[in-house]
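Undergrad: The structure is given below, and queries will be raised subsequently.
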Amino acid sequence: MILVTGGAGFIGSNFVLDWLGQSDEGVVNVDNLTYAGNLHNLASLRDDPRHVFVKADICDSAAMAALLARHRPRAIVHFAAESHVDRSIHGPAAFIQTNVNGTFSLLEAARGYWSALEAADKSVFRFLHVSTDEVYGSLTPDEPPFAETRQYAPNSPYSASKAAADHLVRAYHHTYGLPTLTTNCSNNYGPYHFPEKLIPLIIVNALAGKPLPIYGDGQQVRDWLYVGDHCAAIRCVLADGAVGEVFNIGGWNEKANLDVVHTLCDILDDLRPKPDCSSYRAQITRVQDRPGHDRRYAIDARKIEHALGWTPAETFDSGIRKTVQWYLANQPWVADVQSGDYLKWVEQNYSDRGATALAGAVLTSSNQASESA
Ligand code: NAD
Ligand code: DAU
C-alpha cells in the first residue's frame, strides 16, 4: 500500500479517490483534520477496506514511525500542509510548524523506516513531496515560465515554508540517499476546493449574491491546472520519475485573475441565470491588495511531458465548466464547509480590505477600473 498525508484536503482527497478508482493498492490516509480537512470528501470510501483513515499530526514523528512500521507502505505521498497564502500572512506560525517541522518529522520517520527495509523493498521505496510553483517567486510579464532550474525566491510565509520543506527533502536525498521525488505544481482548481481560494470563493459568493472580491487591479496571473490532471501527474512521477528529481507540473493556462472571475460569472449566467437576468459580473468588487502579492506564476512543464509522457487532459474551458457544475450539484457540501470557523476567517480576511478607499470600486473589464457610486 501507499501512505498519503493530507488526504482529506482538496488535492489529497482528489488523489485518494483517483488512486482507488484506478488501482486496488490500498491507501493509508494520515490527516489531522484542520479546518481544511474534510472526511465528507471521502464519503464514497466509507465501506471500502482499501482505504484506512488515521487522524494524526505529521509533526508527531513517533506516531509517523509507528504508522510506517505497522502498515509498511512502499511509498509516501506527502500533501499535508497549511496551504492558503492569506492565512500565512495573518498567522505564519502554523505554516512553519506543519510545512517545515512537519515535513522534517515525516522525513525522519521515513528515513528510519527506509533504512531498515530489506534491499529489495528499499530500492523500490519512494518519498514523493508535493510542492508548489510559489517557491520560485514572481515572474515579470516577459520572463519565461519557471523551469526546474529556476532559482528559489519565495515571497510569502507560505511559499517560504514550502521552499524550506523542498530543501529538506533535497538534503535527505543528497545526504542519506532517501529515494525522494519532488513536484512543484501551479494553481489547482476542481471539486472539493475549499471556498477560501479564489475560484470556489467566487462561485459560492456569486450564488449567495455577495461581492466577488478582486485583490488590487486583478491583473495578477496564475497558471491553472484541473486537479485531476495534477493527480495523474503525481501518479506518473511516482511510477517512473528518476529518484532525486524535481518535476514542475502545469497546464500552460496563464490567466489574469479578473479574466478568471469574468469566465466564472459568464458560466453561472448560462447555467444558473439570475431571476432579474442581470449578470453576476455586477457583483465584482475591488478590494485592497494582498501584501507582497506575487504578480505572475507560470510553469514550464516540458520536463514531465518529455520524460514521463504526461499531458493535461482538461483545457481551462472544459475544467472550469466542470468545476462550476460540480459546485452547483454539491450545494450541501458547500453549506457544510461554511461553518463557524469559515465565517470567522471571511470576517478576518475581508473586513479590513472593505474599509479602504478602494472598497466599492467595480472592475468593468480586464484592464479598466471605475469607482462605483
Ligand atoms: P488543503 O489545505 O486543502 O489540505 C491540506 C490537508 O492537510 C488538510 O486535509 C489538512 O487537514 C491536512 N493537514 C494540515 N496540517 C496537518 C498536519 N500537521 N498533520 C496532518 N495533516 C495536516 O491543501 P491543498 O490545496 O489540497 O494542497 C495540498 C498540497 O499541495 C500542499 O502541500 C500544497 O502546498 C500543495 N499545492 C497546492 C496547490 C493548490 O493550488 N491548492 C498547488 C500546488 C501545490
Ligand atoms: O501556485 C500554487 C498555489 O496556488 C498553491 O501553492 C497554494 O496552496 C494555493 O492556495 C494557490 O495560491 P494562490 O495565492 O495563487 O491562490 P488563491 O486562490 O488564494 O488566489 C489566486 C489569485 O487570486 C491570487 O492572485 C490572489 C487572488 N485573489 C484571491 C482571493 C482569495 C483575489 O483576487 N481575491 C480573493 O478573494
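Only the coordinates and a few stated rules stand behind these numbers; no lab work does. Keep in mind the model is a prediction, meaning the values are calculated, not measured. Note: ideal-geometry Cβ built from the backbone for every residue, glycine included; neighbour counts use all protein chains shown.
Undergrad: Set Lys and Arg Cβ to +1 and Asp and Glu Cβ to -1, take the dipole of the chain about its Cα centre, and tell me which of Trp224, Tyr350, Val52 lies farthest positive.
TA: Of the options given, the answer is Val52.
Undergrad: Now for a separate question. Normalising by the residue count of the range 61-157, find the relative contact order in percent from Cα pairs under 8 Å and 6+ residues apart.
TA: Once normalised by length, the contact order is 37 percent.
Undergrad: If you don't mind, another one. With a 10 Å cut-off between alpha carbons and a GNM built on the chain, which of Ser131, Ser105, Ser186 moves the most?
TA: Ser105
Undergrad: Now, a different point. Taking all pairs of different Cα atoms in the chain, averaging 1/r and flipping that mean, what Kirkwood radius in angstroms comes out?
TA: By the Kirkwood definition, the hydrodynamic radius is 21.3 Å.
Undergrad: So, one more: Is the shape of the range 266-316 best called rounded, prolate or oblate, per the rule: a/c under 1.5 gives rounded, else a/b larger than b/c gives prolate, else oblate, with a ≥ b ≥ c the square roots of the Cα gyration tensor eigenvalues?
TA: oblate
Undergrad: Give the aspartates and glutamates reachable from Lys303 as a straight Cα distance under 17 Å; neighbours fewer than 8 places away on the same chain don't count.
TA: Asp133, Glu148, Asp223, Asp229, Asp240, Glu245
Undergrad: Additional query: Below 12 angstrom from the Cβ of Tyr327, what's the summed charge of the other residues (Lys, Arg +1; Asp, Glu -1)?
TA: +3
Undergrad: So what's the net charge close to Pro73: Lys and Arg +1, Asp and Glu -1, counting the other residues with Cβ under 12 Å from its Cβ?
TA: That works out to +2.
Undergrad: Can you find, among Leu139, Cys265, Ala171, the residue farthest towards the positive end of the dipole of the chain? Put +1 on the C-beta of Lys and Arg, -1 on that of Asp and Glu.
TA: Positive-end residue among those listed: Ala171.
Undergrad: Could you tell me the calculated FRET efficiency between Lys344 and Ala43, based on Cβ-Cβ distance and R0 = 22 angstrom, to the nearest 0.05?
TA: E(calc), rounded to 0.05, equals 0.30.
Undergrad: Determine which residues of the range 294-308 fall in the zone a paramagnetic label at Thr140 would reach in this model, i.e. backbone nitrogen under 14 Å from the point 7 Å along Cα→Cβ.
TA: Answer for this model: 295-296.
Undergrad: May I pose another question? Compute the signed sum of charges (Lys and Arg +1, Asp and Glu -1) over the other residues within less than 15 Å, Cβ to Cβ, of Asp48.
TA: -2
Undergrad: Looking at Ile304, Trp326, Ser339, which one has the Cα that reaches farthest to the positive end of the dipole of the range 268-351 (charges on Cβ: Lys, Arg +1; Asp, Glu -1)?
TA: Ile304
Undergrad: Oh, and also: Check the straight Cα-Cα distances from Lys55 and name the aspartates and glutamates below 15 Å, setting aside those fewer than 8 residues away within the same chain.
TA: Within the straight-line cut-off, Lys55 pairs with Asp31.
Undergrad: Using a 7 Å offset from Cα along Cα-Cβ at Val243, what residues in the range 151-178 end up with backbone N under 14 Å from the label point?
TA: Zone members listed by number: 172-178.
Undergrad: Taking the Cα centre of the chain as origin, sum charge times position over the Cβ atoms of Lys and Arg (+1) and Asp and Glu (-1), and report the length of that vector in debye to the nearest 20.
TA: It works out to roughly 380 debye.
Undergrad: Using only alpha carbon pairs under 8 Å that are at least six residues apart, calculate the relative contact order of the range 59-114 and give it in whole percent.
TA: Normalised by residue count, the contact order of the range 59-114 is 63 percent.
Undergrad: Right, something else. I'd like to compare 87-97, 256-266: which one has the highest average count of other Cβ atoms within 10 Å, and what's the full order after that?
TA: 256-266, 87-97
Undergrad: Under 1.5 on a/c is rounded, so check that first for the range 283-354, then, if it is not, pick prolate when a/b is larger than b/c and oblate when it is not; a ≥ b ≥ c are the square roots of the alpha carbon gyration tensor eigenvalues.
TA: Here the range 283-354 falls in the oblate category.
Undergrad: Let me ask something else. Rounded, prolate or oblate: which fits the range 215-328, taking a ≥ b ≥ c as square roots of the Cα gyration tensor eigenvalues, rounded meaning a/c under 1.5, else prolate when a/b beats b/c?
TA: In terms of gyration-tensor shape, oblate.
Undergrad: If I model a spin label as a point 7 Å beyond the Cα along the Cα-Cβ vector, how far apart are those points for Lys322 and Arg74 in nm?
TA: 2.7 nm
Undergrad: Under a point spin-label approximation (7 Å from Cα along Cα-to-Cβ), what is the Ala93-Glu118 distance to one decimal in nm?
TA: In this crude label model, Ala93 to Glu118 measures out at 4.7 nm.
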